[in-house]
1. How about segment 192-228: which of its residues are surrounded by fewer than 20 Cβ atoms within 10 Å (Cβ to Cβ) and aliphatic (A, V, I, L, M)?
2. Do you know which of the residues in segment 159-196 that are assigned to a loop (DSSP other than H, G, I, E, B), modelled with pLDDT of 85 or more and touching a helix residue (DSSP H, G or I) at 6+ places or on another chain (Cβ under 9 Å) is nearest to Ile118 (Cα to Cα)?
3. Every residue in segment 91-115 that is among the hydrophobic types (A, V, I, L, M, F, W, C) and modelled with pLDDT under 95, please.
4. Residues that are part of a strand (DSSP E or B), out of contact with any His (no Cβ under 7 Å at 6 or more places or on another chain) and surrounded by 14 or more Cβ atoms within 10 Å (Cβ to Cβ): does segment 108-119 have at least one?
5. For segment 103-125, enumerate the residues that are within 21 Å of Asp33 (Cα to Cα) and touching a Leu at 6+ places or on another chain (Cβ under 7 Å).
6. Is at least one residue of segment 206-228 part of a strand (DSSP E or B), closer than 21 Å to Ala16 by Cα, under 18 Å from the mean Cα position of the chain (by Cα) and modelled with pLDDT under 95?
7. So which pairs qualify, if the first residue must be in segment 14-39 and farther than 22 Å from His52 by Cα and touching a residue at least 60 places away in the same chain (Cβ under 8 Å), the second must be surrounded by 19 or more Cβ atoms within 10 Å (Cβ to Cβ) and of a type in the set (Gly, Ala, Ser), the Cβ gap must be under 9 Å, and the two must be at least 6 apart or on different chains?
Amino acid sequence: MTKKKILLLGASGLVAPHIIGGLEQHYQLRLADIKPNPDGRPVRQVDVTDYHQVLEAARGMEAILNFTVNRGDPGLSFAVNVQGAHHVLRAAVELGIRKVVHTGPELVVPHYRHEFDIEDAPLRGGTGYYSYTKYMSLELCKAYARIHGLQVIAFLFAGLAPRPKAPLHEQELPPFTIVWEDLVEACRLAVDIEPVPGNYQYFNLHSHKGHGKFLLDKAERILGYRPRTQAGQLYRRPA
C-alpha cells in the first residue's frame with residue numbers, strides 16, 4: 001500500500017525529532033525546518049514565516065503536520081505562531097490539501113488547578129504572549145475549517161517525555177505530559193480520520209489518566225486515542 005505523503009514542519013525542533021521514526025513507519029515524510037535536524041536527517045530548508053516557501057514545500061503532499069513554534073522573541077513568536085499557521089492553512093487551501101494537524105500548548109491548567117474530571121474546558125489564551133499567539137493560531141484553524149472546509153485537528157499538551165521504563169521514585173508525570181509513542185499514535189489517528197467532525201477539533205492530550213483531572217474522553221470518542229502507558233504500574237511498590 002502506498003504511504004501518504006506528509007509535510008512535517010518544525011522537523012528539527014524540540015518535539016518532532018522524537019516522533020519522526022515512529023511516523024516514518026506509516027507515512028512518507030517530507031521534513032522541513034530552518035535549521036539542520038539534530039539526528040542528521042535530510043531537511044528541506046523552509047521558513048514558515050515566508051508563505052511561498054511553505055507553499056512550495058507543501059506541493060504534492062496529502063497532509064501537513066505543523067510543529068513549528070517560537071516562544072522567546074515577541075516579533076518572531078507572532079510571525080511563527082500566528083502568521084506561520086496562517087501560511088500553512090492558506091497553502092493547504094491553495095493546493096487542495098484537506099488535512100492539517102496543528103500543535104500548541106495546553107490552555108486550561110492554570111484555570112483548573114483544583115478541579116477534577118475536566119473533559120473539554122473552554123480554552124483561554126491568558127495574558128502570556130506566547131500562549132496568546134498560539135490561541136490566535138487556533139482561531140485561524142477554526143476559521144479556515146469553517147470557511148474552506150479544511151479538516152483540521154489541533155493537539156494541545158505541555159510536557160513531553162520518553163516512556164518510563166521503571167517505577168517512579170519521588171516524582172510523577174505532571175498533568176498534560178505525553179510520551180513520544182502516544183504522540184505518534186495520536187498523529188496517525190489525526191491524519192487518517194475522515195471526516196473530522198465539524199471540520200475542526202482540538203484535543204487536550206496527555207498520557208496519564210491516573211490524575212483524574214483532565215479527561216481523555218473526547219480524544220477516545222472521536223479519534224480512538226488511548227494512552228499506551230499503563231501509568232498505574234509506575235507507582236507500584238513491593239508490599
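The values are calculated or read from the model by the stated rules, or taken from the named source; none is laboratory data. All values reported here derive from a predicted model rather than from experimental measurement. No Cβ is skipped: glycine too gets one built from the backbone with ideal geometry, and neighbour counts run over all protein chains shown.
1. Ile193, Val196, Leu215, Leu216, Ile222
2. Val196
3. Filtering segment 91-115 down to residues among the hydrophobic types (A, V, I, L, M, F, W, C) leaves 91-93, 95, 97, 100-101, 107-109.
Listed by number, the residues that qualify are Leu107, Val108, Val109.
4. We begin by selecting, within segment 108-119, every residue part of a strand (DSSP E or B); these are 118.
In the following step, the residues that additionally are out of contact with any His (no Cβ under 7 Å at 6 or more places or on another chain) were identified as 118.
Keeping just the survivors that are surrounded by 14 or more Cβ atoms within 10 Å (Cβ to Cβ) gives 118.
Yes, because at least one residue in segment 108-119 is part of a strand (DSSP E or B), out of contact with any His (no Cβ under 7 Å at 6 or more places or on another chain) and surrounded by 14 or more Cβ atoms within 10 Å (Cβ to Cβ).
5. So in segment 103-125, the residues within 21 Å of Asp33 (Cα to Cα) come out as 103-105.
Scanning segment 103-125 gives Gly104, Pro105.
6. Applying the first criterion (part of a strand (DSSP E or B)) to segment 206-228 yields 214.
Okay, now just the ones that are also closer than 21 Å to Ala16 by Cα, so none.
No, that holds for no residue.
7. Qualifying pairs under 9 Å: Leu23/Ala16; Tyr27/Ala63.
Rundown of residues vs (1) surrounded by fewer than 17 Cβ atoms within 10 Å (Cβ to Cβ); (2) of a type in the set (D, E, K, R); (3) touching a Lys or Arg at 6+ places or on another chain (Cβ under 9 Å), yes/no style:
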{"site": "Tyr130", "(1), (2), (3)": "no, no, yes"}
{"site": "Tyr135", "(1), (2), (3)": "no, no, yes"}
{"site": "Leu138", "(1), (2), (3)": "no, no, no"}
{"site": "Arg146", "(1), (2), (3)": "yes, yes, no"}
{"site": "Gln151", "(1), (2), (3)": "no, no, yes"}
{"site": "Phe157", "(1), (2), (3)": "no, no, no"}
{"site": "Leu160", "(1), (2), (3)": "no, no, no"}
